[in-house]
Amino acid sequence: MSYTLAIDIGGTKFTLAAFDGDRLVLRHSAATNREAGRDWMLEQVARIVAAWKQQASFDRCGVGFGGPVDFARQRVACSTHVGGWQDFDFPSWTQKELGLASVLDNDANAGALGEFLYGAGRHRDPLFYMTLSTGIGGGIVSGGEILRGADSYAGEIGHLTVRPGGPPCLCGSQGCLERMCAGLWLERDYGMPAAELFARPDFVERYVVDLALGLKSCIMLLNPSRIVIGGGISKAGDRLFSPLRAELRRQITNWSRARIDIQPAALGDDSVLWGAAALARLKQARMENKECL
Ligand SMILES: [Zn+2]
């Protein structure tokens, strides 16, 4: 039996999964040690894969990375949350340490593809996927493919400015959507976990104003068939989604008949893993000159 290995490297947690075709058969998730940096993370990944290799064999690998990725060069550009990743050649590492060829993409791009193929975004083209978690990322699927743009930076909704002159963001700009709405900052700004904040309707009412400003730009530029939101904060469910839809209805330009179709991710915490596995299968199929996943 030959499995596909999927790796999701995030700022709060990292997760590995083994897929047998379209079936997720093994899964391991643990907290990211942000201070320990890149080498610690890679050691964890290598250790888990070594243990899995006792019971399974792998012949391809997909990696979703929580930060900008240069897709053409197959390198991590950087991580704003965890040190040591700048210009990292992840596929060379998987080849050398795991014995596996791999394909690397930004986690939100992988999540977008995962939801498009298997989750809440099925048959919804173009699809916009946003991860609302420690940080905020975005991915676009158009024409059945991830739309990466000229330099792999399409979909970076987290660093749209929603509050000009607002508080400084990790990216060096001010008042970014990520700075105003991501989990990392909510905890610091309000001194309590996001889960507690979203139990307070007065907080949510203010929160969705900034979130909708970001998504409004997406709707006006892309007119997506659906927007799927994943990541830890999306688990607030209707307490978040109902006020968000109402706020977007209020903000979207009157004459625009662009739909406001916003749904939580159907694959829960695993959108990135499903997408990373699909990317790995797609790469292998293309190398073998087959146009199927
Ligand atoms: Zn920013």
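Each reported figure results from applying straightforward, stated rules to the coordinates on display, with no laboratory input. Only a predicted model underlies this, so the values are computations on that prediction, with no experimental measurement involved.
Some observations on this one:
- Ellipsoid semi-axes for segment 120-266, based on the Cα gyration tensor and the rule √(5λ), read 23, 18, 15 Å when sorted largest first.
- In summary, the chain shows an alpha-carbon radius of gyration equal to 0.97 times the 2.2 N^0.38 Å reference for compact globular proteins.
- Amide proton proximity set for GLY231, modelled H, under 5 Å, gap of 5+: LEU132
- Between ASP125, ASP151, ASP70, the GNM of the chain built on Cα springs shorter than 10 angstrom shows ASP151 fluctuating the most.
- In the chain, helices alone account for a calculated mean residue ellipticity at 222 nm of -10500 deg cm²/dmol, with every DSSP H run of four or more residues adding -39,500 (n - 2.57).
- Derived scalar couplings ³J(HN,Hα) [segment 43-55; Karplus, 6.51 cos²θ - 1.76 cosθ + 1.60; whole Hz; x for Gly, Pro]: 4, 4, 4, 4, 5, 5, 5, 4, 5, 5, 5, 5, 10
- Beta bridge orientation in segment 1-158: antiparallel %, DSSP, nearest 5: 65
- For SER92 and ALA195, the difference between the fully extended length at 0.36 nm per residue and the C-alpha to C-alpha distance is 33.2 nm.
- Here the 3J(HN,Hα) profile of segment 172-182, calculated from phi with Karplus coefficients 6.51, -1.76 and 1.60 at θ = phi - 60°, is x, 8, 10, x, 5, 3, 4, 4, 8, 10, 7 Hz, Gly and Pro shown as x.
- If both residues of a DSSP beta bridge must be in segment 120-266, then about 55% of such bridges are antiparallel.
- Angle between the chain longest axis and helix 238-251 axis [Cα atoms, degrees, rounded to 10]: 60
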